[in-house]
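Inspection log for the structure reproduced underneath, given as structure tokens.
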Amino acid sequence: MSESEPTVLIVGAGQGLSAALARRFSSSGAKVAIAARSKEKLAAVAEATGTRAFACDASQPAAVKRLFADVEAQVGKPEVVIYNASGRLRGPFVELDPIEVERALAVTAFGGFLVSQAAAQRMLPRGRGVILLTGASASVKGYAKSAPFAMGKFALRGLAQSMARELSPLGIHIAHIVIDGAIRAPGAATDPAKPDSQLEADAIAETYFQLAQQPRNAWSWEIELRPWVERF
């Protein structure tokens, strides 16, 4: 981030990681916009973090185009864009509904493409910007009964790698974050026998924030985060 009060757009917002991201970037003085399919579900997060909420189905090109236009008009031109949306679908492979699989892929992978493309189109003329894509354990290893999630996250990782090779030399920092472990739900109790056995949303958000601050002579294109008990 290079501006004193940059605009940050988080797509796929909710009570967990996205709320932590909104809090962290807001605390730095950034103007933060959050977006999800249901604007009403964002009301509590927006109020708690002092951010502006927008409705957007990230898998729809027209909706993404409208989102960026609205954010620019009401908040500012995004200098940092975070894609945190995904479609989760589990079940035995032979029983998966193709329509539901298509929808999951549209949210996880195609939505990431649409949002990243819209962000890059606005960043390239300025020669700077940050695009961060949220991955998962499924980005690098496909689990049983989770084929759609693995397909989508593998695709998102490939998108990030391709974008980084093309856009980094043009001044746009692309990074993919592999969240390799469970994120502790807000208010959930921890296991006293295994302290720090789950990822904390605020700790993850700190890593995103630091990624956005990296000088361009030492950029990361991918980083993995996991608690100390998680095997890899």
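The values are calculated or read from the model by the stated rules, or taken from the named source; none is laboratory data. Keep in mind it's a predicted model, so treat the numbers as computed, not measured. Positions of Cβ are generated from backbone atoms using ideal geometry, with glycine treated the same way; all protein chains shown enter the neighbour counts.
For segment 25-52, enumerate the residues that are touching a helix residue (DSSP H, G or I) at 6+ places or on another chain (Cβ under 6 Å), more than 16 Å from Gln74 (Cα to Cα) and touching a residue at least 40 places away in the same chain (Cβ under 8 Å). Within segment 25-52, Ala36 is the sole residue that qualifies.
Remark: Glu100 falls outside the filter, which requires a residue to be among the acidic types (Asp, Glu), surrounded by 15 or more Cβ atoms within 10 Å (Cβ to Cβ), in contact (Cβ under 8 Å) with a residue 40 or more places away in the chain and not in a loop (DSSP other than H, G, I, E, B). Here Glu47 meets the list (1) of a type in the set (Asp, Glu); (2) at pLDDT below 95; (3) assigned to a loop (DSSP other than H, G, I, E, B) almost entirely, failing just condition (3). Look at segment 210-232 and say how many of its residues are out of contact with any strand residue (DSSP E or B) (no Cβ under 9 Å at 6 or more places or on another chain), in a helix (DSSP H, G or I) and either of a type in the set (A, V, I, L, M) or surrounded by 15 or more Cβ atoms within 10 Å (Cβ to Cβ) (or both). So the answer is 1. Screening segment 140-154 for residues that are among the hydrophobic types (A, V, I, L, M, F, W, C) and within 20 Å of the chain's Cα centre (by Cα) and picking the one that is farthest from Arg226 (Cα to Cα) gives Met151.
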